[in-house]
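Peer 1: Structure below; questions to follow.
The values are calculated or read from the model by the stated rules, or taken from the named source; none is laboratory data. Because the structure is a prediction, the values reported are computed rather than measured. No Cβ is skipped: glycine too gets one built from the backbone with ideal geometry, and neighbour counts run over all protein chains shown. Note: accessible area is taken over every heavy atom of the protein model, side chains too, but ligands, DNA and RNA are not part of it. Shrake-Rupley method; radii C 1.70, N 1.55, O 1.52, S 1.80 Å.
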Amino acid sequence: MRVGAYEATTDILNSGRDNWGGFTELVLHQRLDLSVENLVLQQQWQPLFSIEQLENARRRLQRLDYPDIPVLLENNPETVIDAKPERREYSANSIVRDANLAKQVKELYDYKCQACGIVLVAGNRKYAEAAHIKPVGEPHNGSDTLNNILCLCPNHHKLFDIGGFFVEDDLEIPMLGIRLFKVKEHDICVENFTYHKNWFEGNA
Ligand SMILES: [Zn+2]
(Lines give C-alpha, C1' and ligand atoms only; values in the text may rest on other atoms or scores of the structure.)
Protein backbone atom coordinates (compact mmCIF):
# COMPACT_ATOMS: atom_id res chain seq x y z
CA MET A 1 0.00 0.00 0.00
CA ARG A 2 1.35 3.37 -0.99
CA VAL A 3 1.86 5.93 1.74
CA GLY A 4 -0.05 8.44 -0.38
CA ALA A 5 -3.24 6.44 0.02
CA TYR A 6 -3.06 6.73 3.79
CA GLU A 7 -2.37 10.40 3.62
CA ALA A 8 -5.36 10.82 1.32
CA THR A 9 -7.52 8.79 3.68
CA THR A 10 -6.45 10.82 6.67
CA ASP A 11 -7.14 14.00 4.71
CA ILE A 12 -10.67 12.90 3.92
CA LEU A 13 -11.28 11.90 7.53
CA ASN A 14 -9.95 15.19 8.82
CA SER A 15 -11.86 17.31 6.32
CA GLY A 16 -15.19 16.71 8.07
CA ARG A 17 -16.81 16.25 4.68
CA ASP A 18 -20.08 14.40 4.65
CA ASN A 19 -19.83 13.10 1.12
CA TRP A 20 -19.03 9.45 1.54
CA GLY A 21 -21.36 8.30 -1.25
CA GLY A 22 -18.89 6.39 -3.35
CA PHE A 23 -17.22 4.67 -0.48
CA THR A 24 -20.38 3.73 1.33
CA GLU A 25 -21.97 2.36 -1.85
CA LEU A 26 -18.99 0.14 -2.40
CA VAL A 27 -18.94 -0.93 1.22
CA LEU A 28 -22.64 -1.64 1.00
CA HIS A 29 -22.04 -3.95 -1.88
CA GLN A 30 -18.91 -5.31 -0.25
CA ARG A 31 -16.94 -4.70 -3.37
CA LEU A 32 -14.27 -2.48 -1.97
CA ASP A 33 -11.96 -3.89 0.62
CA LEU A 34 -10.04 -0.64 0.67
CA SER A 35 -13.01 1.56 1.49
CA VAL A 36 -12.02 4.30 3.92
CA GLU A 37 -13.99 2.63 6.68
CA ASN A 38 -12.43 -0.72 6.12
CA LEU A 39 -8.99 0.75 5.85
CA VAL A 40 -9.45 2.66 9.06
CA LEU A 41 -10.77 -0.38 10.84
CA GLN A 42 -8.01 -2.69 9.75
CA GLN A 43 -6.31 -3.12 13.02
CA GLN A 44 -2.76 -2.58 11.88
CA TRP A 45 -3.67 0.90 10.62
CA GLN A 46 -5.63 2.00 13.64
CA PRO A 47 -2.73 3.81 15.31
CA LEU A 48 -2.74 6.24 12.37
CA PHE A 49 -6.17 7.55 13.35
CA SER A 50 -7.70 9.21 16.35
CA ILE A 51 -10.30 7.43 18.47
CA GLU A 52 -12.91 9.87 17.18
CA GLN A 53 -12.11 9.02 13.58
CA LEU A 54 -12.21 5.32 14.32
CA GLU A 55 -15.53 5.63 16.14
CA ASN A 56 -17.03 7.64 13.27
CA ALA A 57 -15.95 5.00 10.81
CA ARG A 58 -17.46 2.30 13.03
CA ARG A 59 -20.75 4.19 13.21
CA ARG A 60 -20.90 4.53 9.43
CA LEU A 61 -20.30 0.83 9.01
CA GLN A 62 -22.96 0.02 11.58
CA ARG A 63 -25.47 2.18 9.71
CA LEU A 64 -24.79 0.04 6.67
CA ASP A 65 -25.21 -3.18 8.66
CA TYR A 66 -21.72 -4.00 7.58
CA PRO A 67 -20.78 -7.45 8.88
CA ASP A 68 -17.75 -8.16 11.02
CA ILE A 69 -16.84 -4.69 12.15
CA PRO A 70 -13.41 -5.04 13.73
CA VAL A 71 -13.01 -3.99 17.32
CA LEU A 72 -10.84 -1.04 18.22
CA LEU A 73 -7.37 -2.06 19.17
CA GLU A 74 -6.49 -1.90 22.86
CA ASN A 75 -3.00 -0.62 22.22
CA ASN A 76 -4.01 2.36 20.14
CA PRO A 77 -2.01 5.18 21.74
CA GLU A 78 -5.16 7.22 22.34
CA THR A 79 -6.95 4.30 23.89
CA VAL A 80 -4.08 3.86 26.27
CA ILE A 81 -4.16 7.52 27.23
CA ASP A 82 -7.91 7.39 27.78
CA ALA A 83 -7.78 4.20 29.80
CA LYS A 84 -7.99 4.82 33.51
CA PRO A 85 -4.86 3.60 35.23
CA GLU A 86 -5.46 1.35 38.19
CA ARG A 87 -5.14 3.24 41.41
CA ARG A 88 -4.40 1.79 44.73
CA GLU A 89 -7.15 2.77 47.11
CA TYR A 90 -5.90 4.37 50.32
CA SER A 91 -9.04 5.35 52.10
CA ALA A 92 -12.58 6.03 51.01
CA ASN A 93 -13.41 7.73 54.30
CA SER A 94 -10.31 9.61 55.19
CA ILE A 95 -12.03 12.72 56.52
CA VAL A 96 -11.74 12.75 60.28
CA ARG A 97 -15.05 11.78 61.88
CA ASP A 98 -14.28 13.13 65.33
CA ALA A 99 -15.59 16.69 65.09
CA ASN A 100 -13.48 17.87 68.01
CA LEU A 101 -10.22 16.55 66.60
CA ALA A 102 -11.07 17.96 63.20
CA LYS A 103 -11.83 21.37 64.69
CA GLN A 104 -8.64 21.26 66.75
CA VAL A 105 -6.31 20.67 63.81
CA LYS A 106 -8.07 23.25 61.64
CA GLU A 107 -7.80 25.85 64.37
CA LEU A 108 -4.11 25.06 64.85
CA TYR A 109 -3.58 26.15 61.25
CA ASP A 110 -6.38 28.69 61.04
CA TYR A 111 -7.79 26.57 58.18
CA LYS A 112 -4.61 26.99 56.13
CA CYS A 113 -3.59 23.98 54.01
CA GLN A 114 -0.34 22.52 55.36
CA ALA A 115 0.77 21.80 51.80
CA CYS A 116 -0.07 24.93 49.80
CA GLY A 117 -1.01 27.43 52.51
CA ILE A 118 -4.33 28.27 50.88
CA VAL A 119 -7.39 29.05 53.00
CA LEU A 120 -10.77 28.58 51.33
CA VAL A 121 -13.07 31.40 52.34
CA ALA A 122 -16.83 31.53 51.83
CA GLY A 123 -18.15 34.81 53.16
CA ASN A 124 -17.26 34.78 56.83
CA ARG A 125 -16.59 31.05 56.89
CA LYS A 126 -13.36 29.19 56.29
CA TYR A 127 -13.06 25.69 54.97
CA ALA A 128 -10.37 23.04 55.34
CA GLU A 129 -10.34 19.29 55.72
CA ALA A 130 -8.88 17.25 58.53
CA ALA A 131 -7.17 14.25 57.00
CA HIS A 132 -5.78 11.12 58.59
CA ILE A 133 -2.25 10.36 57.50
CA LYS A 134 -2.76 6.66 58.21
CA PRO A 135 -6.46 5.93 57.83
CA VAL A 136 -8.36 4.52 60.78
CA GLY A 137 -10.11 1.21 60.26
CA GLU A 138 -9.14 -1.88 58.29
CA PRO A 139 -6.67 -2.57 56.85
CA HIS A 140 -4.64 0.43 58.01
CA ASN A 141 -5.69 0.77 61.64
CA GLY A 142 -4.28 4.25 62.07
CA SER A 143 -4.99 6.06 65.30
CA ASP A 144 -7.60 8.74 65.72
CA THR A 145 -5.22 11.19 67.33
CA LEU A 146 -3.91 14.63 66.49
CA ASN A 147 -0.44 13.30 65.59
CA ASN A 148 -2.08 11.33 62.75
CA ILE A 149 -4.13 14.21 61.36
CA LEU A 150 -3.33 17.00 58.89
CA CYS A 151 -5.14 20.18 57.96
CA LEU A 152 -5.39 20.19 54.16
CA CYS A 153 -7.32 21.90 51.40
CA PRO A 154 -9.62 19.53 49.46
CA ASN A 155 -7.20 19.29 46.53
CA HIS A 156 -4.21 18.32 48.61
CA HIS A 157 -6.33 16.01 50.70
CA LYS A 158 -7.44 14.17 47.57
CA LEU A 159 -3.95 14.21 46.10
CA PHE A 160 -2.58 12.69 49.31
CA ASP A 161 -5.25 9.99 49.27
CA ILE A 162 -4.48 8.92 45.72
CA GLY A 163 -0.74 8.88 46.33
CA GLY A 164 -0.05 12.09 44.41
CA PHE A 165 2.59 13.12 46.89
CA PHE A 166 4.54 11.67 49.77
CA VAL A 167 5.93 13.45 52.79
CA GLU A 168 9.45 12.64 53.96
CA ASP A 169 10.54 12.46 57.61
CA ASP A 170 11.87 16.01 57.40
CA LEU A 171 8.46 17.11 56.01
CA GLU A 172 9.85 17.71 52.53
CA ILE A 173 7.46 16.86 49.68
CA PRO A 174 9.82 16.16 46.77
CA MET A 175 7.01 15.42 44.30
CA LEU A 176 5.60 18.92 44.74
CA GLY A 177 8.85 20.68 45.45
CA ILE A 178 7.49 22.05 48.72
CA ARG A 179 7.72 21.36 52.42
CA LEU A 180 4.79 20.48 54.65
CA PHE A 181 4.06 23.39 56.95
CA LYS A 182 3.86 22.50 60.65
CA VAL A 183 3.28 24.59 63.74
CA LYS A 184 5.37 23.65 66.77
CA GLU A 185 2.28 22.75 68.81
CA HIS A 186 1.48 20.00 66.35
CA ASP A 187 3.33 16.74 66.92
CA ILE A 188 3.16 14.58 63.83
CA CYS A 189 3.87 10.86 63.81
CA VAL A 190 6.23 10.80 60.81
CA GLU A 191 6.21 6.98 60.72
CA ASN A 192 2.73 7.33 59.30
CA PHE A 193 4.13 9.21 56.31
CA THR A 194 6.43 6.24 55.72
CA TYR A 195 3.40 3.95 55.92
CA HIS A 196 1.55 6.13 53.37
CA LYS A 197 4.47 6.02 50.95
CA ASN A 198 4.99 2.28 51.38
CA TRP A 199 1.31 1.65 50.75
CA PHE A 200 1.46 3.30 47.36
CA GLU A 201 4.78 1.77 46.48
CA GLY A 202 3.29 -1.63 47.24
CA ASN A 203 5.41 -2.40 50.27
CA ALA A 204 2.80 -2.09 52.99
ZN1 LIG B 1 -3.51 22.69 49.57
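Peer 1: With the structure loaded, tell me whether F166 is in contact with a helix residue (DSSP H, G or I) (Cβ under 7 Å, 6 or more places away or on another chain) and either modelled with pLDDT of 95 or more or under 18 Å from E129 (Cβ atoms) (or both) or whether it fails that test. Spell out how you get there, then give the answer.
Peer 2: Working: in contact with a helix residue (DSSP H, G or I) (Cβ under 7 Å, 6 or more places away or on another chain): yes; either modelled with pLDDT of 95 or more or under 18 Å from E129 (Cβ atoms) (or both): yes.
Judged against the criteria, F166 is a match.
Peer 1: Filter the range 160-176 down to residues that are in a loop (DSSP other than H, G, I, E, B) and among the aromatic types (F, W, Y) and give me whichever is farthest from the ligand (Cβ to nearest atom).
Peer 2: Here the residue is F166.
Peer 1: Tell me, please, whether a residue that is within 20 Å of I162 (Cα to Cα), modelled with pLDDT under 65, open to solvent by less than 70 Å² (accessible area, probe 1.4 Å) and within 16 Å of the ligand (Cβ to nearest atom) can be found in the range 101-118.
Peer 2: no
Peer 1: Can you find, within the range 177-187, the residue that is nearest to Y127 (Cα to Cα) among those that are within 11 Å of the ligand (Cβ to nearest atom) and open to solvent by less than 60 Å² (accessible area, probe 1.4 Å)?
Peer 2: My answer is L180.
Peer 1: While we're here: Of the residues in the range 122-145, how many are more than 14 Å from the ligand (Cβ to nearest atom) and either among the hydroxyl-bearing types (S, T, Y) or farther than 17 Å from V167 by Cα (or both)?
Peer 2: So the answer is 13.
Peer 1: Step by step: first the residues of the range 123-159, then only those that are free of Cβ contacts under 8 Å to residues at least 60 places away in the same chain and part of a helix (DSSP H, G or I), then the one that is nearest to K197 (Cα to Cα). Which residue is that? Walk me through it before giving the result.
Peer 2: Looking only at the range 123-159, we keep the residues that are free of Cβ contacts under 8 Å to residues at least 60 places away in the same chain, and these are 123-132, 135-156, 158-159.
Retained after the next criterion (residues that are part of a helix (DSSP H, G or I)): 146-148, 154-156, 158-159.
Working: L146: 20, N147: 17, N148: 15, P154: 20, N155: 18, H156: 15, K158: 15, L159: 13 Å.
Among them, the one singled out is L159.
Peer 1: Can you tell me how many residues in the range 152-176 are open to solvent by less than 40 Å² (accessible area, probe 1.4 Å) and under 15 Å from V190 (Cα atoms)?
Peer 2: The number of residues fulfilling the criteria is 6.
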